[in-house]
Each structure stands twice: as C-alpha cells, then as structure tokens.
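Peer 1: Provided herewith is a single structure, encoded as structure tokens, for subsequent inquiry.
The values are calculated or read from the model by the stated rules, or taken from the named source; none is laboratory data. All values derive from a computational prediction rather than experimental measurement. No Cβ is skipped: glycine too gets one built from the backbone with ideal geometry, and neighbour counts run over all protein chains shown.
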Amino acid sequence: MAKSRQRKRPSSRTARGLNPGFGTREMFVLTTPGLEEALADELADLGLHGRMDKGGIAIDAGAITMRAIHLYSRVASSVRIRVTRGRAENLEDVGRVARAGAWKSFIHPNQPVKVAVANSGSRFRHRAPVAKKVEIAIRDALRGPRLPGPRPPREEAVVHVRLVEGKVIISMEASGEPLNKRGWRREAGRAPIRENIAAAMLRLADWNPGEALVDPMCGSGTFPIEAATIAMGRASGARRSFNFERFPCHDAKAFKKERAEASTGVLDASAPIVGGDRDEGVIAAALKNARRAEVDDRVELRQSTFQELEPPCESGLIICNPPYGERVSKKSVIGAMYRDLGRAMRAEWSGWRIAILLPTARTKDALDLPVEEITRFKNGSLSVVLYVGSIP
C-alpha cells in the first residue's frame with residue numbers, strides 16, 4: 001500500500017458538514033475495478049473512510065465532503081449519490097421506491113431526466129420499461145406549484161438505476177463527465193492511458209514529488225503532466241465543472257470559495273520530471289497538453305528513444321505504459337521490444353525503481369527485471385497487470 005501523502009483535506013468539522021436539502025447520504029465513489037485500494041488510500045488522506053466494494057468505495061457524508069472528493073480525488077472516476085433503495089419484484093415496486101426519493105434536492109421541476117439502468121441477476125428482463133417507470137415516478141415526486149427562481153437547466157439530470165437480485169438502488173450522477181478528464185488533455189496519441197489510472201499507478205508505486213520521475217514512452221504526456229500537477233499542489237478538479245453544480249440544493253457561494261482554495265498550489269521543483277517518446281508528433285501534442293495544464297515549466301518533454309534517454313539523477317521512478325495489444329500485434333515484435341527495454345534499463349538505470357503496465361506474464365519474463373505484481377485491471381478493453389520493482 002502506498003505511503004500516506006500530504007493532501008489538502010476538509011477539516012473534521014467541514015468534512016461532516018451538511019447543506020440544507022442534502023443531508024447525510026450514502027455515496028459511491030467509483031474507480032476502475034482493480035484500483036480500489038489506491039482510491040481507499042487517497043480518500044484516507046482526505047480523512048474519509050468507507051466500505052470497499054468492487055469498483056469503488058461507499059461512504060456516508062454530506063455536501064461539503066462530496067464537493068471535496070470532486071476537487072481533490074485523482075483516482076476516482078465518478079461519484080453517485082444514492083437517493084433511494086428498496087425491494088423490487090415488479091415494475092410497481094420500482095415506481096414506489098423511486099417516488100420515495102428526495103428528488104427536489106437534486107432535480108429541478110421540468111428539467112430533462114435521463115435514466116440509465118444496470119441489471120445484475122434480477123428478474124427484470126428488459127431495461128427500457130424500468131427506465132420509463134423511474135422517470136415517471138420522479139416526475140410525480142417533483143409535481144407542485146412552480147416556485148420563483150431561475151429557469152430549470154437544459155442539461156439532463158442523470159439517474160442511475162441498479163437492479164440486483166430482488167433490490168433496486170437509485171442514484172444521482174454527481175460528477176457528469178468522468179473525473180479523469182482534468183480539462184487539459186485535448187491532444188491524445190494512440191491508446192492513451194486515463195489520468196485517474198496514471199494517478200493510481202503513481203500512488204501504488206509510492207511515488208512522491210521529492211523523487212525523480214521518467215516516462216520513456218510518454219505519448220500525450222499523461223504520466224509526467226499528472227505528476228507535475230501533484231508536485232505543484234494543483235487539485236485535479238479545480239478547473240472543470242460538475243453535475244452537482246446544477247442541483248437545487250447546491251451551495252454555489254461555498255463551492256466558489258472551496259474551488260479558489262483548491263486552485264492555489266506551491267511549486268515543488270526538487271526533482272526532475274521527464275517524458276520522452278520517439279514520435280515527434282506525439283511529443284508536440286504532449287507539449288500542448290502541458291501548456292494547457294500550465295506545467296510546461298515543470299516537466300521536460302523530448303523526442304527520444306529510451307536508449308537515447310539518460311538518467312537525470314542517480315535514482316528515481318521509471319513509469320511507463322509500453323505498446324501492447326492493438327499498438328503492437330506481433331508477439332515476436334513484443335518479445336524483442338521488452339527484451340531490449342529490460343537490457344537498456346539494466347545497463348543505464350541501475351538503482352532506479354520501475355512501475356510498468358504489462359499485458360501478460362510472458363512479457364514480464366522478456367523484460368527480465370525483478371518486479372512483482374501489484375494489481376490487475378483493464379486499460380480500455382485490455383486486461384493489464386501493474387508490476388513494480390527495482391532495477392539491479
């Protein structure tokens with residue numbers, strides 16, 4: 001497990017603070033399945049603890065904590081607020097459970113509603129009737145005289161329905177676009193790694209800003225840019241918007257202040273952060289991303305093969321997501337590439353640590369380095385293994 005690192009955290013008073021109309025609610029903080037421990041470690045740094053489940057962490061908290069997770073969590077992919085749940089053997093049960101939710105806190109009257117249904121082992125054979133039943137029930141719960149105030153948002157309120165065995169769980173989407181979208185990556189190479197996966201790998205590899213970092217196959221620059229924003233104290237969600245900002249119960253004044261606090265950071269220039277790639281066009285895209293993230297003066301990005309890169313100091317962490325799957329289809333090419341990679345590391349990078357994504361144990365054998373498996377997850381549609389170790 002990664003060592004705990006300093007993070008801005010809500011105080012014990014504000015972490016449990018409540019906004020009128022929100023209350024204490026169960027939330028499910030989602031991440032890529034396989035990265036739950038990294039998420040739990042990160043939330044603990046924020047003073048938050050919950051129940052680990054496949055694909056995330058369930059916690060009971062108020063609005064201030066919900067906003068803090070959106071501002072500061074790098075590993076989370078989204079947050080769902082559980083509004084209502086109950087037994088559901090038929091559509092009438094689904095409607096009854098849905099109508100019981102406190103929808104006036106989360107959806108404006110006449111706001112468009114989108115209902116997404118996930119079915120896991122329940123007796124319901126079709127999702128569309130369930131979605132329609134929930135939408136009608138929510139409309140019923142929102143009926144009443146129109147109160148004075150702003151017009152309802154044009155954007156859809158997204159409601160998630162989960163059917164599991166004889167139960168129905170209905171939640172509000174609080175995040176909107178996935179939280180891995182920080183707002184800076186508009187240029188992407190082939191098969192880019194998601195920012196929240198990059199953050200989880202850095203955490204599981206025990207990296208901290210005082211340690212040098214090199215990504216020899218940086219592509220669009222995700223690893224070095226994510227590391228640079230960590231080193232500069234930049235909150236991952238400070239520069240984007242979220243669905244919860246349209247909730248009727250949202251405290252816009254408080255969130256404006258919290259966002260301003262999250263936007264401040266202190267430059268930590270104690271260790272180099274370097275990215276290299278043999279493709280000139282990819283490096284040009286990475287530089288544009290770094291400028292948008294305002295870390296171009298903190299990272300060094302260069303066109304280079306790994307064999308041409310030189311260690312910037314005596315020790316540090318090499319982190320990389322080398323080609324596999326669709327990017328390299330021939331097994332003979334993959335084997336040769338990993339053998340060359342391992343040989344170059346042993347020759348020039350002795351004393352450095354390594355965190356690397358590999359698709360199979362065979363590629364690990366070709367790399368020929370003393371690394372151990374940390375976790376397994378899917379990068380896109382491909383199953384991968386995170387290995388961490390030291391270069392002898």
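Peer 1: Which residues, taken from region 353-373, are more than 15 Å from ILE318 (Cβ to Cβ) and either part of a strand (DSSP E or B) or among the small types (Gly, Ala, Ser) (or both)?
Peer 2: Listed by number, the residues that qualify are ALA361, ALA366, GLU372, GLU373.
Peer 1: Follow-up question, since we're still on this one. Please find, among ALA76, ALA40, ALA68, ALA15, the residue that is over 30 Å from ARG125 (Cβ atoms), at pLDDT below 95, crowded, with 16+ Cβ neighbours inside 10 Å and of a type in the set (A, V, I, L, M).
Peer 2: Working: ALA76 fails: at pLDDT below 95; ALA40 fails: at pLDDT below 95; ALA68 fails: at pLDDT below 95.
Residue meeting the stated conditions: ALA15.
Peer 1: State yes or no: is ALA260 assigned to a helix (DSSP H, G or I), over 28 Å from LEU386 (Cβ atoms) and at pLDDT below 95?
Peer 2: On the way: assigned to a helix (DSSP H, G or I): yes; over 28 Å from LEU386 (Cβ atoms): yes; at pLDDT below 95: yes.
Judged against the criteria, ALA260 is a match.
Peer 1: Here's something else I'd like to know. Please identify the pairs in which a residue from region 84-110 that is of a type in the set (A, V, I, L, M) has its Cβ atom under 7 Å from the Cβ atom of a residue that is assigned to a loop (DSSP other than H, G, I, E, B) and crowded, with 20+ Cβ neighbours inside 10 Å, counting only partners at least 6 apart or on another chain.
Peer 2: From residues that are of a type in the set (A, V, I, L, M), the pairs are VAL94/ALA88; VAL97/ALA88.
Peer 1: If you don't mind, another one. Inspect all residues belonging to region 103-111 and state whether any of them is at pLDDT 95 or above and of a type in the set (Gly, Ala, Ser).
Peer 2: The answer is no, given that none of the residues of region 103-111 is at pLDDT 95 or above and of a type in the set (Gly, Ala, Ser).
Peer 1: Look at region 245-265 and say how many of its residues are of a type in the set (A, V, I, L, M, F, W, C), exposed (fewer than 15 other Cβ atoms within 10 Å of the Cβ) and within 23 Å of the chain's Cα centre (by Cα).
Peer 2: Filtering region 245-265 for residues of a type in the set (A, V, I, L, M, F, W, C) gives 247, 249, 252, 254-255, 260, 262.
With the extra rule that they be exposed (fewer than 15 other Cβ atoms within 10 Å of the Cβ), the set shrinks to 252, 260.
Subsequent filtering for residues that are within 23 Å of the chain's Cα centre (by Cα) retains 260.
Here the count works out to 1.
Peer 1: Check whether at least one residue in region 263-279 is modelled with pLDDT of 90 or more and either assigned to a helix (DSSP H, G or I) or over 28 Å from ALA366 (Cα atoms) (or both), and report yes or no.
Peer 2: So the first thing to find is which residues in region 263-279 are modelled with pLDDT of 90 or more, and the list is 271-279.
Narrowing further to those that are either assigned to a helix (DSSP H, G or I) or over 28 Å from ALA366 (Cα atoms) (or both): 271-272.
Yes, region 263-279 contains at least one residue that is modelled with pLDDT of 90 or more and either assigned to a helix (DSSP H, G or I) or over 28 Å from ALA366 (Cα atoms) (or both).
Peer 1: Identify, please: which residue in region 22-38 is part of a strand (DSSP E or B) and in contact with a Gly (Cβ under 6 Å, 6 or more places away or on another chain) and is, among those, nearest to VAL83 (Cα to Cα)? Spell out how you get there, then give the answer.
Peer 2: Of the residues in region 22-38, the ones part of a strand (DSSP E or B) are 25-30.
Within this subset, residues satisfying the condition of being in contact with a Gly (Cβ under 6 Å, 6 or more places away or on another chain) are 28-30.
On the way: PHE28: 11, VAL29: 14, LEU30: 16 Å.
So, considering only residues that are part of a strand (DSSP E or B) and in contact with a Gly (Cβ under 6 Å, 6 or more places away or on another chain), the one nearest to VAL83 (Cα to Cα) is PHE28.
Peer 1: Quick one: which of SER220, SER175, SER171, SER236 is in contact (Cβ under 8 Å) with a residue 40 or more places away in the chain, over 30 Å from THR264 (Cα atoms) and surrounded by 21 or more Cβ atoms within 10 Å (Cβ to Cβ)?
Peer 2: Numbers: SER220 fails: over 30 Å from THR264 (Cα atoms); SER175 fails: over 30 Å from THR264 (Cα atoms); SER236 fails: over 30 Å from THR264 (Cα atoms).
Of the residues listed, the single one that is in contact (Cβ under 8 Å) with a residue 40 or more places away in the chain, over 30 Å from THR264 (Cα atoms) and surrounded by 21 or more Cβ atoms within 10 Å (Cβ to Cβ) is SER171.
Peer 1: With respect to GLU300, is the statement that it is at pLDDT 95 or above and under 19 Å from GLY221 (Cβ atoms) true?
Peer 2: Working: at pLDDT 95 or above: yes; under 19 Å from GLY221 (Cβ atoms): yes.
In short, yes.
Peer 1: How many of the residues making up region 113-128 are hydrophobic (A, V, I, L, M, F, W, C) and surrounded by 15 or more Cβ atoms within 10 Å (Cβ to Cβ)?
Peer 2: Residues that pass the stated criteria total 4.
Peer 1: Residue check, ALA76 against (1) closer than 30 Å to GLU226 by Cα; (2) not in a loop (DSSP other than H, G, I, E, B), all met but one. Which one?
Peer 2: It fails just one condition, (2).
Peer 1: Now a separate question. I'd like the full set of residues that are over 22 Å from ASP277 (Cβ atoms) and surrounded by fewer than 16 Cβ atoms within 10 Å (Cβ to Cβ), limited to region 341-376.
Peer 2: SER350, GLY351, THR360, ALA361, ARG362, ASP365, ASP368, PRO370, GLU372, GLU373, ARG376
Peer 1: Another question, if that's okay. Taking the conditions exactly as written (touching a Gly at 6+ places or on another chain (Cβ under 6 Å) and either in the same structural domain as LYS114 (by TED's automatic domain parsing) or surrounded by 21 or more Cβ atoms within 10 Å (Cβ to Cβ) (or both)), does PHE242 satisfy them or not? Let's see the steps before the verdict.
Peer 2: Values: touching a Gly at 6+ places or on another chain (Cβ under 6 Å): yes; either in the same structural domain as LYS114 (by TED's automatic domain parsing) or surrounded by 21 or more Cβ atoms within 10 Å (Cβ to Cβ) (or both): yes.
It is true that PHE242 is touching a Gly at 6+ places or on another chain (Cβ under 6 Å) and either in the same structural domain as LYS114 (by TED's automatic domain parsing) or surrounded by 21 or more Cβ atoms within 10 Å (Cβ to Cβ) (or both).
Peer 1: Just to check your reading of the model, which residue among GLY144, GLY101 is surrounded by 15 or more Cβ atoms within 10 Å (Cβ to Cβ), of a type outside the set (Val, Ile, Thr) and within 25 Å of GLU245 (Cα to Cα)?
Peer 2: Numbers: GLY144 fails: surrounded by 15 or more Cβ atoms within 10 Å (Cβ to Cβ).
Just a single option satisfies the conditions, and that option is GLY101.
Peer 1: Return the residue satisfying two criteria in turn: it lies in region 279-298 and is more than 26 Å from ARG240 (Cβ to Cβ) and free of Cβ contacts under 8 Å to residues at least 40 places away in the same chain, and of such residues it is surrounded by the fewest Cβ atoms within 10 Å (Cβ to Cβ).
Peer 2: First pass over region 279-298, keeping only residues more than 26 Å from ARG240 (Cβ to Cβ): 279-281.
If we keep only those that are free of Cβ contacts under 8 Å to residues at least 40 places away in the same chain too, we end up with 280-281.
Details: GLU280: 9, GLY281: 11.
Applying the filter and picking the extreme gives GLU280.
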